[in-house]
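Asker: Got a structure for you, questions after.
The values are calculated or read from the model by the stated rules, or taken from the named source; none is laboratory data. Not measured: the values here are computed from a predicted model. Methodologically, a virtual Cβ is constructed for each residue, glycine included, from the backbone with ideal geometry; neighbour enumeration extends over all protein chains shown. What goes into the accessible areas is simple: the full protein's heavy atoms, side chains included, and nothing from ligands, DNA or RNA. Shrake-Rupley method; radii C 1.70, N 1.55, O 1.52, S 1.80 Å.
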Amino acid sequence: MAEHIFPATFVELPPHCDGERAAFYLAVEEYVASHMPEGSYLFTWQLSPTVVMGRNQDAEAEIDLAFCKAEGIDVIRRKSGGGSIFADRGNIMTSLVTREGAVEELFHEYARNMAECLSRLGAEVEVSGRNDICMKGGGKICGNAFYHMAKRNIVHGTMLYDTNAHMMRGALTPERAKLMSKGVKSVESRIALLKDALPKGTGVKELRQSIRRHLCKGSISLTEEDVKRIREIESGYYEPSFLMGRQSLKDASVMCRARIEGCGDVALAFEIENGMVGAVRLEGDYFEMGDAESAFAEAFASCPWTENKLLERIAEHQPYKTIRGMQEHHLVTMLNEYLKQ
């Protein structure tokens, strides 16, 4: 599959589209995936101060909404999994649209090429973990997320050249357990800045140009008619039911949570009625290989709340396969830890 990803075709946006909200650029990804001929397409963008949260996250648990409102930080939800990120004009956001294919191969090829681009510029980086590019010796400088559309995959990355540390620290409120599992005490201590690793004179503009040169060949230009249709997609990102409508898991009858290496944070909530499973909901920064919430709901719906019956449903339906990096034993352990309390 690798030879079909790069070089990609660069997507040129009209000049007046610089400085749009994150939802606009996420809509561009969807539009390109739905309307452009087969092939790979890439573009880069920048944002005013913004928090972009993952598809399956609880906004109140991940973000200090009062701080964001007071500081004028935009809050948007994307359709891919993963964790919340803070972005400002010191970040480069990268969007890659490819044909349908194996996600692991796609991630590997994308990350390898991006790391090679940064290495050529003088930054000592390496691919790390499930979706990151880090400085050798520690410090994340690029995180990536993906999601599927019909016959297409979309990968978007956040590359950290510089940032307002005060704004980032105030906007994001990741759970303490998640931070401590990585041996760190704050969001800020997990990151590195590319500006400190690149030769003088290599700024954001030069980085964006280098990414285009290294990863792309040829270009297409979107028209005003394209932009009009992109606006229609963009409007869906502002619907309250999508942006802030996820119900908190705190009031569920049963809530199991685990931090799974190579998978992420997964919270699984059950409503138990008369000893039977009713509603099933998921939350976390995991990546989906399918519709995870529907798969888990189908697997456990109307199941007696007993260890044997739950294990039977897991073996029969295998809902864990819809979450990247999750194995059967991870799910069994999550449930057993609660059932044996």
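Asker: Mind listing whichever residues of the stretch 54-74 are within 23 Å of Y286 (Cα to Cα) and among the aliphatic types (A, V, I, L, M)?
Answerer: A59, A61, I63, L65
Asker: Exactly one condition in (1) open to solvent by less than 50 Å² (accessible area, probe 1.4 Å); (2) small (G, A, S); (3) in contact with a Phe, Trp or Tyr (Cβ under 6 Å, 6 or more places away or on another chain) is not met by S219; state its number.
Answerer: (1)
Asker: So, Q341, is that one more than 26 Å from E30 (Cα to Cα), modelled with pLDDT of 95 or more and of a type in the set (S, T, N, Q) or not?
Answerer: No, not satisfied.
Asker: Could you go through the stretch 91-101 and let me know if any residue there is of a type outside the set (D, E), farther than 20 Å from G284 by Cα and in a helix (DSSP H, G or I).
Answerer: Scanning the stretch 91-101, I find no residue that is of a type outside the set (D, E), farther than 20 Å from G284 by Cα and in a helix (DSSP H, G or I), so the answer is no.
Asker: Within the group D285, D251, which residue is of a type outside the set (S, T, N, Q), over 25 Å from the mean Cα position of the chain (by Cα) and at pLDDT below 95?
Answerer: Being of a type outside the set (S, T, N, Q), over 25 Å from the mean Cα position of the chain (by Cα) and at pLDDT below 95 holds for just one of D285, D251, which is D251.
Asker: Is it the case that the stretch 109-124 has a residue that's over 28 Å from G245 (Cα atoms), without any contact (Cβ under 8 Å) to a residue 60 or more places away in the chain and either open to solvent by 20 Å² or more (accessible area, probe 1.4 Å) or touching a helix residue (DSSP H, G or I) at 6+ places or on another chain (Cβ under 8 Å) (or both)?
Answerer: Looking through the stretch 109-124, at least one residue is over 28 Å from G245 (Cα atoms), without any contact (Cβ under 8 Å) to a residue 60 or more places away in the chain and either open to solvent by 20 Å² or more (accessible area, probe 1.4 Å) or touching a helix residue (DSSP H, G or I) at 6+ places or on another chain (Cβ under 8 Å) (or both).
Asker: Name every residue in the stretch 305-320 that is open to solvent by 30 Å² or more (accessible area, probe 1.4 Å) and either in contact with a helix residue (DSSP H, G or I) (Cβ under 8 Å, 6 or more places away or on another chain) or touching a residue at least 60 places away in the same chain (Cβ under 8 Å) (or both), in order of residue number.
Answerer: The answer is E307, L311, R313, A315, E316, H317, Q318.
Asker: So P49 ticks every box in (1) open to solvent by 40 Å² or more (accessible area, probe 1.4 Å); (2) over 24 Å from E206 (Cβ atoms) but one. Which box is left unticked?
Answerer: Among (1) open to solvent by 40 Å² or more (accessible area, probe 1.4 Å); (2) over 24 Å from E206 (Cβ atoms), the lone unmet condition for P49 is (2).
Asker: Something else: Just checking, does the stretch 95-105 include any residue being modelled with pLDDT of 95 or more, farther than 23 Å from K217 by Cα and crowded, with 21+ Cβ neighbours inside 10 Å?
Answerer: Scanning the stretch 95-105, I find no residue that is modelled with pLDDT of 95 or more, farther than 23 Å from K217 by Cα and crowded, with 21+ Cβ neighbours inside 10 Å, so the answer is no.
Asker: Restricting the first residue to the stretch 67-92 and requiring it to be over 18 Å from T163 (Cα atoms), which pairs with a second residue that is hydroxyl-bearing (S, T, Y) and part of a strand (DSSP E or B) meet a Cβ separation below 9 Å and a spacing of at least six or different chains?
Answerer: Note: pairs meeting the criteria are I76/T50; R78/Y147; K79/Y147; S80/Y147; G81/Y147.
Asker: Let me ask something additional. May I ask you to list the residues in the stretch 10-61 that are modelled with pLDDT under 95, touching an Asp or Glu at 6+ places or on another chain (Cβ under 8 Å) and assigned to a helix (DSSP H, G or I)?
Answerer: A61
Asker: So, one more: Against the condition crowded, with 17+ Cβ neighbours inside 10 Å, modelled with pLDDT under 95, of a type outside the set (S, T, N, Q) and not in a helix (DSSP H, G or I), how does A145 come out, does it pass?
Answerer: For A145, the condition - crowded, with 17+ Cβ neighbours inside 10 Å, modelled with pLDDT under 95, of a type outside the set (S, T, N, Q) and not in a helix (DSSP H, G or I) - is met.
Asker: Okay, moving on. Where in the stretch 240-304 are the strands (runs of 3 or more DSSP E), entirely inside, with at least 1 residues that are β-branched (V, I, T) and out of contact with any Leu (no Cβ under 9 Å at 6 or more places or on another chain)?
Answerer: 254-260, 264-273
Asker: Residue pairs, Cβ under 6 Å, 6 or more apart or interchain, first in the stretch 30-42 and open to solvent by less than 20 Å² (accessible area, probe 1.4 Å), second in a loop (DSSP other than H, G, I, E, B). List them.
Answerer: Correct list of pairs: S40/I5.
Asker: Still on this structure, I have one more. Working carefully through the options S210, S186, find the one that is of a type outside the set (F, W, Y), modelled with pLDDT under 95 and open to solvent by less than 60 Å² (accessible area, probe 1.4 Å).
Answerer: One residue alone meets the criteria, S186.
Asker: Also: Residues G137, G72, G54: which one is farther than 17 Å from G170 by Cβ and open to solvent by 40 Å² or more (accessible area, probe 1.4 Å)?
Answerer: G137
Asker: So in the stretch 148-172, with the set limited to residues that are in contact (Cβ under 8 Å) with a residue 24 or more places away in the chain and assigned to a helix (DSSP H, G or I), which one is farthest from D88 (Cα to Cα)?
Answerer: G170
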